[in-house]
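To start, the structure itself, in structure tokens.
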Amino acid sequence: MIKRHQLLRWTATWSRALLGCSLGLLLCGAFVMGVAAEKKEAATKKDDAAAKSNKPPLGKITVLVPKKEFRPEGPNKALRVDFNDIDIELVLNTKKLTADIPKQMPEWLNKLNGQRVRLRGYMHPGSALQTEGIKRFVLCRDTSACCFGPNPTIYYLIETTMKSGTSASYIENKAFDVEGIFRIEPIVLEGTTEIDRFYFLDDAQIIKK
């Protein structure tokens, strides 16, 4: 007959063995999961590197964003658009604007032409000749040199004309929303091939400051 103290000793031994096996299985599982995660991360980095290597050199016009959708916003169902959405470099892989660039734009961007949109940006100080009663100003992407400097990026600027019978007050260094009819119209500087203006907002109103 198995004595009680022997049974207890065997039970303790088996418990320790089972605990050891469980810990071993857990450690093994963690190791396998860790290896799998490392492999996945390495594969992701490899895919990213491959994508970058396949990207054409900057300047070679290529549609980088073939499809894009916009959500309607506000009572007029204006399309919410971000400056990144209309950034020619991000969309077409080029910084150079030409008069025929709209022909090379993806369909979704050309379809914004004539649509009521909402954009958030800053009032360009050089475009506001007064502090009150402003009927026209330039909405710009941000306050850095690419917009406020001597050689601004043209597609970071949108010439904005207020809705008939309305005007705006000057808003200094503060982002705000503007709603209006978006227009794509390359304007060539007289006597050159340089694009002077490219994007426009007509019938505009400031939604919030």
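Answer with yes or no whether residue 57 is farther than 18 Å from residue 141 by Cβ and modelled with pLDDT under 95.
Values: farther than 18 Å from residue 141 by Cβ: yes; modelled with pLDDT under 95: yes.
Here the answer is yes, as residue 57 does meet what is asked.
Look at the stretch 69-128 and say how many of its residues are β-branched (Val, Ile, Thr) and touching a helix residue (DSSP H, G or I) at 6+ places or on another chain (Cβ under 8 Å). Full working, then the answer.
We begin by selecting, within the stretch 69-128, every residue β-branched (Val, Ile, Thr); these are 81, 86, 88, 91, 94, 98, 101, 117.
Pick out the ones that are also touching a helix residue (DSSP H, G or I) at 6+ places or on another chain (Cβ under 8 Å) and you get 86, 88, 91, 94, 101.
Qualifying residue count for the region: 5.
Take the conditions modelled with pLDDT of 95 or more, closer than 26 Å to residue 71 by Cβ and either touching a strand residue (DSSP E or B) at 6+ places or on another chain (Cβ under 7 Å) or among the basic types (Lys, Arg) (or both) and apply them to residue 105. Does it pass?
No; evaluated as a whole, the condition is false for this residue.
Please tell me if residue 131 is in a strand (DSSP E or B) and either without any contact (Cβ under 8 Å) to a residue 60 or more places away in the chain or loosely packed, with under 15 Cβ neighbours inside 10 Å (or both).
Numbers: in a strand (DSSP E or B): no; either without any contact (Cβ under 8 Å) to a residue 60 or more places away in the chain or loosely packed, with under 15 Cβ neighbours inside 10 Å (or both): yes.
Answer is no for this residue.
The values are calculated or read from the model by the stated rules, or taken from the named source; none is laboratory data. Note that the structure is predicted; figures quoted are calculated from it, not measured. Note that we place each Cβ from the backbone using ideal geometry, even for glycine, and neighbour counts take in every protein chain shown.
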